[in-house]
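The next block holds one structure in the form of structure tokens; read it before the comments.
The values are calculated or read from the model by the stated rules, or taken from the named source; none is laboratory data. Treat the numbers as computed from the prediction; the structure is a model and nothing was measured. Methodologically, a virtual Cβ is constructed for each residue, glycine included, from the backbone with ideal geometry; neighbour enumeration extends over all protein chains shown. We work out accessible area using only protein heavy atoms, side chains counted, and drop any ligands, DNA or RNA first. Shrake-Rupley method; radii C 1.70, N 1.55, O 1.52, S 1.80 Å.
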Amino acid sequence: SKATVSVLNWGTKVRLSPSGGEMLVHINVPNGESVAVEIEQDTTLADVKEGAALALGAAASRIGLLFAGDRLADNGALQGLDDGDALDLVLEGEPQVYRFAVPSIRDDRSPPGNDGNIREVSNAKHVVESQGEVIEVRASASVFKDQGWGNKKGHVYLVQKRAGIKINQACLLGRARDVPTSNVSKRTHPKWNLAVGDTLCIGYHVGDNGGHKLFVENLRVEVAVGGAVLDTGKRCVMM
């Protein structure tokens, strides 16, 4: 039978169908609460999302279901789940985009920088406003080159920090001299999980020893964050 979703009080136990083939699954929601629901194993996620969308007055494309941190395919049944497993339900907003514009980087200093081998660009930081997942990073520069000889060490990075500690870094343009020296652009999909208060910043690495240089002009970076959990005040369960 087709799954529907109703707005109910948390703690209510709901049966999808009185027929057999059911299992108990916990649904976690944005405020950290959960509800136990009994569902048929052949219920599709698309059915669940459609019902949730009707209950919340939101587009089905904004409803996401995750298992163990991984997004589940809409066209699949709830297979691979065991009795007592938990799903996370998130209501997604339009992707939030953090934009960085760095006019110029010209440096010949070797590490240490602000954080080990990475030197942060001053005034190229954003504080994360809502939790979510980085779904795409776009970077471009009109000039990206090193000293032009010897070992290739020049990189530009996007860095994620939490409580001042670096927890992730992603190379934005590749390694200098492995990519064109002018009008270079690249898309990456690091799939980081962001928390409110995290810091996103731009950093770079010149080289480990003397003689290395890095030149970057007109660096532009856009970080698209989706899957932000929104608390609408409504509570969803399947029934």
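This table checks each residue for (1) open to solvent by less than 60 Å² (accessible area, probe 1.4 Å); (2) closer than 25 Å to Arg106 by Cβ; (3) touching a helix residue (DSSP H, G or I) at 6+ places or on another chain (Cβ under 6 Å); (4) at pLDDT 90 or above.
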{"position": "Glu120", "(1), (2), (3), (4)": "yes, yes, no, yes"}
{"position": "Val128", "(1), (2), (3), (4)": "yes, no, no, yes"}
{"position": "Val134", "(1), (2), (3), (4)": "yes, no, no, no"}
{"position": "Arg138", "(1), (2), (3), (4)": "no, yes, no, yes"}
{"position": "Trp149", "(1), (2), (3), (4)": "no, yes, no, no"}
{"position": "Lys152", "(1), (2), (3), (4)": "no, yes, no, no"}
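Any idea which residue in region 186-196 is most open to solvent (accessible area, probe 1.4 Å), counting only those that are aliphatic (A, V, I, L, M) and assigned to a loop (DSSP other than H, G, I, E, B)? The qualifying residue most open to solvent (accessible area, probe 1.4 Å) is Val196. Inside region 103-118, residues that are assigned to a strand (DSSP E or B) and either modelled with pLDDT under 75 or among the hydrophobic types (A, V, I, L, M, F, W, C) (or both) make up a count of 3.
Residue under question is Thr199, and the condition is that it be open to solvent by less than 50 Å² (accessible area, probe 1.4 Å) and of a type in the set (Ser, Thr, Tyr); does it hold?
It is true that Thr199 is open to solvent by less than 50 Å² (accessible area, probe 1.4 Å) and of a type in the set (Ser, Thr, Tyr).
If I ask for residues that are among the polar types (S, T, N, Q) and surrounded by 14 or more Cβ atoms within 10 Å (Cβ to Cβ), which ones from region 202-223 would you list? The answer is Asn218, and nothing else. Ala163 meets each of the listed conditions (1) open to solvent by 10 Å² or more (accessible area, probe 1.4 Å); (2) at pLDDT 90 or above; (3) within 16 Å of Arg99 (Cα to Cα) apart from (3).
For region 127-148, does any single residue satisfy the condition of being out of contact with any Leu (no Cβ under 7 Å at 6 or more places or on another chain), outside any strand (DSSP E or B) and closer than 14 Å to Val221 by Cβ? Among the residues of region 127-148, not one is out of contact with any Leu (no Cβ under 7 Å at 6 or more places or on another chain), outside any strand (DSSP E or B) and closer than 14 Å to Val221 by Cβ, which makes the answer no.
Tell me, yes or no, whether region 173-180 has at least one residue that is in a strand (DSSP E or B) and modelled with pLDDT under 90. Within region 173-180, one or more residues are in a strand (DSSP E or B) and modelled with pLDDT under 90.
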